[in-house]
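This report refers to the structure that appears directly beneath it.
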Amino acid sequence: MLIDLEGIDGCGKSTQIKLLQKKLEEKGEKTLILKEPTNKPHGQKLWDVLKGKIKATNEEILDFFILDRKQHVKEKIKPALEQGTVVLMDRYYYSSMAYQVAGGLDVDYIRNKHDFAPTPNIVLVFDLPVKTALERVHGHREADEFEKEEHLEKVRAAYLNLNDDPIVKILDATRKPEEIFQDVWMLVSEVIDG
Ligand code: TYD
């Protein structure tokens, strides 16, 4: 089982992923939370790009994410899935299908470049207005290059455009964490119970 949590920066997915892990463990599932970009060399390079230390084109940025993801799939994601672990992704290739689409690339082009990556069973997108998300982010940290409002509006729109994909579930993330989690658990239970 592979579950992907997505949304713009400040959407609350980190809180939801921890709640989900706790609930799954209570149900006796083995779980693993994995985050992209990773802290491996390709991921490190990406952080330099994200922080504006290195300049790169959208195509180059996508390639960095893909190199990082290929290693992640091979070394962590696939082995965990093979052991029957429920893998909880804090961002996966659906982030590329939102952020790099916002950067100007085509969504199907990006999806097709991910034939090496196992398809998630479900993708939960935590949706909220960009202003609300930015207020949350500024409350506890500085905004980085990727957290500019205009860009995030495009990212949000790209996430909402994924609505046609049957595995994508869009959730209203303006609510209280416990309320959001009720929806998360309902959707995940449906997938688990088949
Ligand atoms: P994020 O998980 O938001 O980092 P933080 O720990 O700072 O909350 O991810 C960092 C940034 O990387 C975020 O702005 C989204 C971006 N990103 C992409 O543009 N494409 C991708 O494929 C991924 C995984 C992340």
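Let's see how each residue does on (1) on the phi < 0 side of the Ramachandran plot; (2) hydrophobic (A, V, I, L, M, F, W, C); (3) open to solvent by less than 60 Å² (accessible area, probe 1.4 Å):
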position	(1), (2), (3)
150	yes, no, no
158	yes, yes, yes
176	yes, no, no
183	yes, no, yes
186	yes, yes, no
189	yes, no, yes
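Identify the residue in region 16-57 that is under 19 Å from residue 73 (Cα atoms) and assigned to a loop (DSSP other than H, G, I, E, B) and, among all such residues, is farthest from the chain's Cα centre (by Cα).
So the residue we want is 30.
All but one of (1) part of a loop (DSSP other than H, G, I, E, B); (2) open to solvent by 50 Å² or more (accessible area, probe 1.4 Å) hold for residue 163; state the number of the condition that does not hold.
So residue 163 meets the others, but not (1).
Please go through region 118-130 and give me each residue that is open to solvent by 10 Å² or more (accessible area, probe 1.4 Å) and either under 22 Å from residue 80 (Cα atoms) or of a type in the set (Gly, Ala, Ser) (or both), ordered by number. Lay out the reasoning, then the answer.
We begin by selecting, within region 118-130, every residue open to solvent by 10 Å² or more (accessible area, probe 1.4 Å); these are 118-119, 121, 127, 129.
Scanning region 118-130 gives 118, 119, 121.
Looking at region 30-53, which of the residues that are open to solvent by 70 Å² or more (accessible area, probe 1.4 Å) and within 9 Å of the ligand (Cβ to nearest atom) is nearest to residue 82 (Cα to Cα)?
Once the filter is applied, the top-ranked residue is 35.
State which residue pairs qualify: first residue at pLDDT 60 or above and inside region 135-161, second residue aromatic (Phe, Trp, Tyr) in any location, beta carbons under 6 Å apart, and separation of 6 or more residues or different chains.
155/99
The values are calculated or read from the model by the stated rules, or taken from the named source; none is laboratory data. Fair warning: this is a prediction, and the values are worked out from it, not measured in the lab. No Cβ is skipped: glycine too gets one built from the backbone with ideal geometry, and neighbour counts run over all protein chains shown. Ligands, DNA and RNA are stripped out before the accessible areas are found, and what is left, the full protein with its side chains, is counted by its heavy atoms. Shrake-Rupley method; radii C 1.70, N 1.55, O 1.52, S 1.80 Å.
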